[in-house]
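Remarks on the structure that follows.
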Amino acid sequence: MTDTLAATRRAPTPGGGAGRGGGGGVIAIAAVVVSVVVSLSFGSRPVSVDQVVLGISTWLRGETPTDIGALAVQSRIPRTVLALLAGAALALSGALMQAITRNPLADPGILGVNTGAALAVVIGIAFLGVSSAFGYLWLALIGAFLTAFFVYFVGSVGPGGTTPIKLALAGAATTAALSSLVSAILLPRQAVMDEFRYWQIGNVGRADWSTLGVIVPVLVIGTVIALVCASALNALALGDDVAVGLGVRVGRIRIVAAVAGVGLCAAVTAVAGPIGFVGLMVPHAVRLVSGSDQRWLLPLSALGGAVLLTLADTVGRVIGSPGEVEAGIITAFLGAPVLIAIARRTRMKAM
């Protein structure tokens, strides 16, 4: 892969330069900081900035504060960290899928990857007695990879090969079928339904440090692979023939990037459930700021996804107080109009 990536340095990069990307990076980092403060400050019990600072400082020292507000802040830290990591992973996964398929509708939720991971988890709970985060992770990885392969295979059948609309339709049909299987397994098993209810919509509310420790290695590996592939993905955007002429091994790059994208999505689904539309919305928004250069698009998408899911979780806690509205509902509410707008702008190719 080293030779491949070296060759792509000669390729012209798509629109957007270092100036636009750098400015977007500063804005994105500032937005991440603001979203963290907002997430720690608001919930069923709003707290002041002073209490946020006290809660963080005592947590860093390993102390339990006596102030109730600071204690509430400490209880929100794992949830906020999971929201940041999950949002970043989902947005990065969506950006990768859009790049390797050249499909503006590509997203882990739309292509059925989330649902495939969720089905594998529910099968593990119902029939295999799996109850650990590590077990959920492996089941989610298996389910996600099998579903991604199936959707791509179905979407490539017929005249014209793979097209954005065919992939989206294959993903939608697969999602519906797998969702029916999930319901068929859950309905006669009340105990399994109670355990799985957390995954049905997508929520970061059950975050804890042990669970985060299980998924972080997968997220780190997937992120590193994605960033290493950025230059090759730029060449891929110029067309397969041009990319081959530049020395890019097109098939290998697609496989490696797809493995990274599916792995990122599966790890998040294992602990937070099938959260949709983050991978669809964020890369499109980032392109407006940074252009299509993957070297900027991928890291900025990760930062934007972290901001979006963290704020979605916070909004859900505020409007649902004293309970909460799951983050997956908030992202679906925001993402559905975006999906419609993108679909209307996408050229309809032969099916």
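Observations on the structure shown:
- Residue in segment 58-67 that is farther than 24 Å from residue 25 by Cα and in contact (Cβ under 8 Å) with a residue 60 or more places away in the chain present: no
- Any chance residue 336 is surrounded by fewer than 24 Cβ atoms within 10 Å (Cβ to Cβ), among the small types (Gly, Ala, Ser) and within 19 Å of the chain's Cα centre (by Cα): yes
- Residue in segment 212-228 that is out of contact with any helix residue (DSSP H, G or I) (no Cβ under 6 Å at 6 or more places or on another chain), within 30 Å of residue 60 (Cβ to Cβ), of a type in the set (S, T, N, Q) and surrounded by fewer than 16 Cβ atoms within 10 Å (Cβ to Cβ) present: no
- Enumeration of residues in segment 241-252 that are among the β-branched types (Val, Ile, Thr) and surrounded by fewer than 23 Cβ atoms within 10 Å (Cβ to Cβ): 242, 244, 250
- No other residue among 255, 221 is part of a helix (DSSP H, G or I), farther than 23 Å from residue 33 by Cα, free of Cβ contacts under 8 Å to residues at least 12 places away in the same chain and hydrophobic (A, V, I, L, M, F, W, C) apart from 255.
- Output for segment 106-122, where each listed residue is in contact with a Leu (Cβ under 7 Å, 6 or more places away or on another chain), of a type outside the set (S, T, N, Q) and either in a helix (DSSP H, G or I) or surrounded by fewer than 24 Cβ atoms within 10 Å (Cβ to Cβ) (or both): 116, 119, 120, 121, 122
- Verdict on residue 47 being under 22 Å from residue 323 (Cα atoms), of a type in the set (Val, Ile, Thr), free of Cβ contacts under 8 Å to residues at least 40 places away in the same chain and part of a loop (DSSP other than H, G, I, E, B): yes
- Residue in segment 177-189 that is among the basic types (Lys, Arg), surrounded by fewer than 18 Cβ atoms within 10 Å (Cβ to Cβ), at pLDDT below 85 and part of a helix (DSSP H, G or I) present: no
- Members of segment 190-218 that are at pLDDT below 80, closer than 22 Å to residue 312 by Cα and either of a type in the set (Phe, Trp, Tyr) or part of a helix (DSSP H, G or I) (or both): 196, 197, 198, 199, 200, 201
- From the options 303, 238, 311, residue that is touching a residue at least 24 places away in the same chain (Cβ under 8 Å) and either crowded, with 24+ Cβ neighbours inside 10 Å or closer than 12 Å to residue 90 by Cα (or both): 303
- Some residue of segment 77-89 being assigned to a helix (DSSP H, G or I), among the aliphatic types (A, V, I, L, M) and modelled with pLDDT under 90: no
The values are calculated or read from the model by the stated rules, or taken from the named source; none is laboratory data. None of these values were measured; they are calculated from a predicted model. Here the Cβ is made from the backbone with ideal geometry for all residues, glycine too, and neighbour counts use every protein chain on show.
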